[in-house]
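Written below as structure tokens is the structure these notes are about.
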Amino acid sequence: MRSNSCGGKVKGRKDITVEEAALAAQAACVLEASAPKPGSVNRLHDFADTTFEDFMISALAIGEAMRLAWTHTVGEVVLKAVEDTRRLVSTNTNLGMILLLTPLVKAAASDDLRAGLRKVLRELSETDADLVYKAIRLAAPGGLGKVTRGDIDDGARGTLREMMYLAREHDAVAAAYVNDYQVVFEVGCPALINYYRRKGNRTEAVVYTYLSLLEQQPDSLVMRKCGRETAEEISRQAGLVLKGKMSLGEFDDFLRRPDNALNPGTTSDLVAASIFVATLLDGL
């Protein structure tokens, strides 16, 4: 596979089953959470209210829902995945990952993953929006804030893609629904595959992908919590790490303030989506 292939016309495996696609989604969640990404919960660091084990349990919890993706709607799968997670974990660990992975798992039924994804996103309905809004309220993620149009508390007033369009400027997951996961296919997936092919270390490749995505665009969760200037400074520092001008440890120390407000959580969600795509297309 060429280095820029994730950004071109991506072909999926014709023989893939929904069980394999669901397992790839679960594996993406495990690999994302396990890698020692600066500022995040991982196998070396817990938060006061969220542990590494919570993320592992959450990865297991979404399996049944993901296996329904080829026969059920995006909204139905998202809501079930969140409900199943909340039965086992008391805090939000995976809403962003569920929102990003569900359309990808559904699109895996197509021979052309990226074309299939475009079709899935354009067929999203008002019912999908209602169910996803219900899932978001159940997951109760932090840092949503209040917006003038399309606020979760006000309910959905359009298709899911239309509602994501309203949120695109302050939420990277919403933006992905609008731009067909551009940053996943053109930044995250190529970075992951290229690093893994050069170094052969999956964990390091995940961390490199995280830094590459973070350098490319400020984390929207940090932006909502702490402002654009802080989010852009974090992106600048991620770039310094990639250039070898700052150590991972220094960056990690900077991000681990007591309230975890500098945790680039949405970037982690994009990493999980990138892992899924790379796994499906390249056998990562």
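Please verify whether residue 232 is within 18 Å of the chain's Cα centre (by Cα), over 20 Å from residue 24 (Cα atoms) and free of Cβ contacts under 8 Å to residues at least 40 places away in the same chain, treating the condition exactly as stated. No, not satisfied. Candidates 235, 212, 247, 220: the one that is exposed (fewer than 15 other Cβ atoms within 10 Å of the Cβ) and of a type in the set (Ser, Thr, Tyr) is 247.
So which residues in the range 83-94 are buried (at least 24 other Cβ atoms within 10 Å of the Cβ) and in a helix (DSSP H, G or I), if there are any at all? Of everything in the range 83-94, just one residue is buried (at least 24 other Cβ atoms within 10 Å of the Cβ) and in a helix (DSSP H, G or I), namely 85. Only one of the listed residues (217, 182) is of a type in the set (S, T, N, Q) and under 22 Å from residue 33 (Cβ atoms). That residue is 217. Regarding the range 104-124, can at least one residue be identified that is surrounded by fewer than 17 Cβ atoms within 10 Å (Cβ to Cβ), touching a Pro at 6+ places or on another chain (Cβ under 8 Å) and either at pLDDT 95 or above or in a loop (DSSP other than H, G, I, E, B) (or both)? No, the conditions are met nowhere in the range 104-124. Scanning the range 155-180 for residues that are β-branched (Val, Ile, Thr) and part of a helix (DSSP H, G or I) turns up 173, 178. Quick check on residue 282: is it within 27 Å of residue 109 (Cβ to Cβ) and at pLDDT below 95? Yes: the conditions hold for residue 282. Looking across the range 151-165, the residues that are under 21 Å from the mean Cα position of the chain (by Cα) and modelled with pLDDT under 95 come down to 151, 152. Among residues of the range 67-91 that are closer than 20 Å to residue 129 by Cβ, those with a beta-carbon under 9 Å from a residue that is polar (S, T, N, Q) and surrounded by fewer than 20 Cβ atoms within 10 Å (Cβ to Cβ) at least six positions away or on a different chain give the pairs 73/125; 73/127; 74/125; 75/125; 75/127; 76/127. Out of 46, 130, one residue alone is among the charged types (D, E, K, R) and free of Cβ contacts under 8 Å to residues at least 40 places away in the same chain. It is 46.
Residue count for the range 173-203, restricted to those that are farther than 14 Å from residue 213 by Cα, touching a residue at least 60 places away in the same chain (Cβ under 8 Å) and among the charged types (D, E, K, R): 2.
If you take the residues in the range 235-263 that are in contact with a Pro (Cβ under 7 Å, 6 or more places away or on another chain) and touching a residue at least 40 places away in the same chain (Cβ under 8 Å), which one is nearest to residue 48 (Cα to Cα)? So the residue we want is 255.
The values are calculated or read from the model by the stated rules, or taken from the named source; none is laboratory data. Bear in mind that the values here come from a model prediction, so they are computed numbers and not experimental data. Glycine gets a Cβ as well: all are built from the backbone with ideal geometry, and neighbour counts include every protein chain shown.
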